[in-house]
Amino acid sequence: MNPAVRLIPLGGLGEIGLNMMLVESGDDLIAIDCGLMFPDDELPGIDYVIPDFSYALAKRQGFRAVFLTHGHEDHIGALPYLLRDARVPVHGTPMTLVLVSDRLREHGILEADLRTMRPRDRVEVGPFGVQAIRVTHSIVDGIGLAIETPAGTIVHTGDFKLDPSPLDGELPDYRAFTELGDRGVLVLCSDSTNVDRPGHTRSERDVGESLAEHFARAPGRIIVATFASHIHRMQHVLNLAARFERQVTLLGMSMQKNVALAAELGYLRIPEGVLRPLDELTAQPSRDQVILSTGSQGEPNSALALMAAGEHKYVQVEPGDLVILSARIIPGNERTVGRVINGLYRRGAEVLYEGNAFVHVSGHASQEDLKVMLNLTRPRYFLPVHGEYRHLLGHARLAGTVGIPSERIFVLEDGIGLEVTATEARVVGRFPAGRVLVDGKGIGDIGAVVLRDRQILANEGLIAVSIAVDAEGRVVAGPEIASRGVVYVKENEALLEELKAAVAKTLGERDATVAFDRAIVSALVRTAVRQFINQRFQRKPVVLPIILEV
Ligand SMILES: [Zn+2]
Ligand SMILES: [Zn+2]
């Protein structure tokens with residue numbers, strides 16, 4: 001029999017955020033990324049959303065390593081929660097690992113096995129040979145991965161764009177992708193975020209030129225807000241300040257921290273004498289001042305939001321000031337960002353943002369770049385990743401236009417796996433996957449109900465599902481369902497029958513070759529109930545699986 005490899009997405013396929021993909025060969029397993037997602041208004045009282053790790057934890061004996069593509073929160077943010085339960089080695093590039101250790105320290109995890117990996121490095125773990133490939137993105141030191149498995153080579157792009165003139169000269173490694181294509185790529189997993197955008201994504205250098213024009217014309221103080229992880233954008237601002245003989249103050253803890261870390265590792269060059277503490281800066285004429293700040297998403301307590309509201313202790317925005325929001329406005333944040341923009345205008349500042357000026361470029365590949373990636377790697381099978389369903393589907397269609405046969409393209413969502421041999425691919429699953437809600441630093445124990453805000457319990461209700469299983473994990477009684485505050489049982493007998501059937505069906509689809517595991521069965525039950533209730537009622541009740549072994 002041909003050896004098979006399984007790709008199991010635990011997050012990031014069906015949403016932008018909580019990226020995590022398992023690669024499984026025999027009893028061995030590695031994970032690509034381990035990210036979080038920030039919750040939307042639907043989840044009051046919740047700080048983060050992280051992937052459901054139960055499958056990886058159930059297989060922890062063979063869980064060899066985590067490989068990180070880059071340091072964005074949607075790729076590293078859930079690591080502290082994973083490492084609490086599974087002390088696996090973590091591989092990543094220097095900048096990624098610096099951001100990771102910072103995050104781990106915040107969570108009180110002082111000993112982790114972090115292993116530096118540089119582009120073109122190759123690491124052997126179990127049956128896998130993992131090679132890092134340089135890509136460009138909106139954070140420095142990003143990589144894609146080529147994973148040799150007994151079944152063939154899997155290429156995962158990570159988040160990428162093809163920037164032909166990156167600020168640090170670290171070009172995407174076209175040659176590595178081409179060589180892989182020549183040798184034969186079994187599966188390509190590629191970033192779908194910007195599949196709706198025609199053409200090529202512009203270079204980070206172009207933004208620099210546009211910012212330079214605004215710097216040249218600004219009569220007074222310049223305030224630039226961007227993401228603290230966007231080292232190259234910050235590099236532009238520092239360079240421009242030096243060029244126009246201005247000085248810069250950094251506002252925001254993460255901004256100050258990342259500038260220090262990046263400078264120390266050599267990813268950021270701070271022109272001499274350009275950085276100044278705030279009190280020294282504000283003592284200068286306003287035309288000499290630059291403030292580089294966080295808060296580009298209108299976060300209520302950020303320096304920028306306080307300035308816009310006239311509540312910042314030391315900085316009063318005034319006519320003549322130029323404020324540049326040099327970042328994408330993340331969908332869902334339009335209202336809070338709008339409030340900040342209005343406030344800044346009201347104080348007399350001029351405001352430039354994505355909607356009215358060229359002050360930002362994306363870190364993700366557009367259609368033509370995505371086609372280049374497909375053409376360089378020429379994969380046998382294609383699995384679009386990193387996107388909502390519409391992005392994944394759009395990317396699947398795009399792959400069709402460059403000649404990948406539709407039966408070799410798989411649009412999958414979290415918890416649905418792909419099993420591939422050298423000549424065949426089939427969809428397998430379902431695997432436990434779902435959004436685990438984190439309130440503060442506590443998460444529910446795996447297998448028990450996840451910790452949620454009381455308000456959700458009150459608003460969304462609770463559903464308890466009990467089943468009895470035998471030693472092999474076969475369901476011998478149930479599922480029985482009890483509900484509080486979700487549906488009124490007496491009037492909804494038929495619906496409850498449907499829910500029971502949905503749970504039974506999911507359990508029936510459980511991979512019988514995998515030994516019975518309470519945590520996995522619980523997670524499957526939770527996923528099935530949540531999906532059912534969410535589809536019917538758009539609600540997210542707490543689901544409590546009760547599993548009796550008889
Ligand atoms: Zn990213
Ligand atoms: Zn991402």
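Coordinate-derived values only; no laboratory data. Please read all numbers here as calculations on a predicted model, not as lab measurements. Heads up, the Cβs are rebuilt from the backbone with ideal geometry, glycines too, and the neighbour counts pull from every protein chain shown.
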Note to self: Rounded to two decimals, what is the ratio between the C-alpha radius of gyration of region 94-150 and 2.2 N^0.38 Å?
What the structure shows: 1.29
Note to self: Quick check: from the Cα gyration tensor, does region 54-206 come out rounded (a/c under 1.5), prolate or oblate?
What the structure shows: oblate
Notebook entry, point to check: Projected onto the charge dipole of the chain (+1 at Lys/Arg Cβ, -1 at Asp/Glu Cβ, origin at the Cα centre), which of Ser101, Ala78, Ala58 gives the Cα projection farthest towards the positive end?
Noted result: Ala78
Notebook entry, point to check: Which semi-axis lengths, in whole Å and largest first, follow from the square roots of five times the eigenvalues of the Cα gyration tensor of region 128-227?
Noted result: 35, 13, 12
Next item on the list: For helix 389-401, report the angle its Cα long axis makes with the longest principal axis of the Cα atoms of the chain; keep it between 0 and 90° and round to the nearest 10°.
Entry: 90
Notebook entry, point to check: How much length is gained on full extension from Val427 to Glu213, taking 0.36 nm per residue of separation minus their Cα-Cα distance?
Noted result: 71.8 nm
Checklist line | Computed label-point distance, nm, for sites Ala263 and Gln316 using a 7 Å Cα→Cβ extension | finding: 3.0
Check: If you wrap a convex hull around the Cα atoms of region 249-313, how much volume per residue is inside, in Å³?
Finding: 102
Margin query: Tell me which of Gly184, His312, Ala519 sits at the most positive position along the dipole axis of the chain, charges placed on C-beta atoms (Lys, Arg +1; Asp, Glu -1).
Written below: His312
Notebook entry, point to check: How big, on average over all directions, is the shadow cast by the Cα convex hull of region 348-421, in nm²?
Noted result: 7.3
Check: If you take every DSSP beta bridge whose two residues both sit in the chain, what share of them, in percent to the nearest 5, is antiparallel?
Finding: 50
Next item on the list: Hey, can you grab everything whose amide H is under 5 Å from the amide H of Val469? Only 5+ residues off in sequence or another chain; H modelled, so Pro and N-termini drop out.
Entry: Val476, Leu548, Glu549, Val550
Note to self: Compute, for the chain, the length of the dipole vector about the Cα centre, with Cβ point charges of +1 (Lys, Arg) and -1 (Asp, Glu) only. Units Debye, rounded to 20.
What the structure shows: 260
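I'd like to compare 275-282, 463-470, 71-78: which one has the highest average count of other Cβ atoms within 10 Å, and what's the full order after that? Show your work: numbers first, answer last.
Values: 275-282: 15.1, 463-470: 18.8, 71-78: 25.6.
Listed from highest to lowest mean packing, they are 71-78, 463-470, 275-282.
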Item checked: Calculated diffusion of region 187-289, Stokes-Einstein form, Kirkwood radius summed over Cα pairs, 20 °C and 1.002 mPa s, µm²/s -> 140
Item checked: In sequence order, calculated HN-Hα J values of region 188-199 (Karplus, 6.51, -1.76, 1.60; Hz; x Gly/Pro) -> 10, 10, 10, 4, 9, 3, 9, 5, 6, 8, x, x
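To the nearest 0.05, what FRET efficiency results for Arg287 and Arg390 with a Förster distance of 41 Å applied to their C-beta separation?
0.35
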Notebook entry, point to check: Can you run phi through the Karplus equation (6.51, -1.76, 1.60; θ = phi - 60°) for region 107-114 and list ³J(HN,Hα) in whole Hz, with x for Gly and Pro?
Noted result: 9, x, 9, 9, 10, 9, 8, 9
Notebook entry, point to check: Where does each of 179-190, 427-438 land if you order them by average Cβ count within 10 Å, highest first?
Noted result: 427-438, 179-190
Checklist line | Residues whose placed amide H lies under 5 Å from that of Asp163, excluding near-sequence neighbours | finding: Thr136
Notebook entry, point to check: Which whole-number percent is the relative contact order of region 156-294 (Cα, under 8 Å, 6+ apart)?
Noted result: 28
Note to self: Cβ neighbours within 10 Å, averaged per peptide: list 498-510, 100-112 in order, most packed at the top.
What the structure shows: 498-510, 100-112
Next item on the list: Return the long-range amide H neighbours of Ala225 (sequence gap of 5 or more, or a different chain), with a cut-off of under 5 Å between placed amide H atoms.
Entry: Ser293, Ile324, Leu325, Ser326
Notebook entry, point to check: Relative to the longest principal Cα axis of the chain, at what angle does helix 94-106 sit, 0 to 90 degrees, rounded to 10?
Noted result: 70
Item checked: Of every Cα-Cα pair in region 8-144, the percent that sits beyond 21 Å -> 38
Check: Around Ser25, with a cut-off of 14 angstrom between Cβ atoms, what is the net charge of the other residues, counting Lys and Arg +1 and Asp and Glu -1?
Finding: -3
Check: At what distance in nm do the modelled label points of Ala471 and Phe537 sit from each other, each positioned 7 Å from its Cα along Cα→Cβ?
Finding: 3.9
Notebook entry, point to check: From the Cα gyration tensor of region 300-414, with a ≥ b ≥ c the square roots of its eigenvalues, which class applies: rounded if a/c is under 1.5, or else prolate if a/b is larger than b/c, or else oblate?
Noted result: prolate
Check: Can you give the FRET efficiency for Phe244 and Arg118, using 1/(1 + (r/R0)^6), R0 = 30 Å, r = Cβ-Cβ distance, to the nearest 0.05?
Finding: 0.25
Note to self: With a cut-off of 8 Å between alpha carbons and a minimum separation of six or more residues, what is the relative contact order of region 371-430 in percent?
What the structure shows: 29
Notebook entry, point to check: Along region 533-545, what does the Karplus equation 6.51 cos²θ - 1.76 cosθ + 1.60 (θ = phi - 60°) give for ³J(HN,Hα), rounded to whole Hz, x for Gly and Pro?
Noted result: 5, 5, 5, 7, 10, 6, 10, 10, x, 6, 10, 10, x
Notebook entry, point to check: Hey, any idea what Rg/Rh is for the chain, computing Rh the Kirkwood way over Cα pairs?
Noted result: 0.99
Notebook entry, point to check: Once a ≥ b ≥ c are taken as the square roots of the eigenvalues of the Cα gyration tensor of region 196-352, is the result rounded (a/c under 1.5), prolate (a/b larger than b/c) or oblate (a/b not larger than b/c)?
Noted result: rounded
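Take every Cα pair under 8 Å in the chain that's 6+ residues apart, average their separations, divide by the length, and report that relative contact order as a whole percent.
It comes to 16 percent, rounded to a whole number.
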Notebook entry, point to check: Going by how many other beta carbons lie within 10 Å of each one, how would you line up Leu370, Leu306, fewest first?
Noted result: Leu306, Leu370
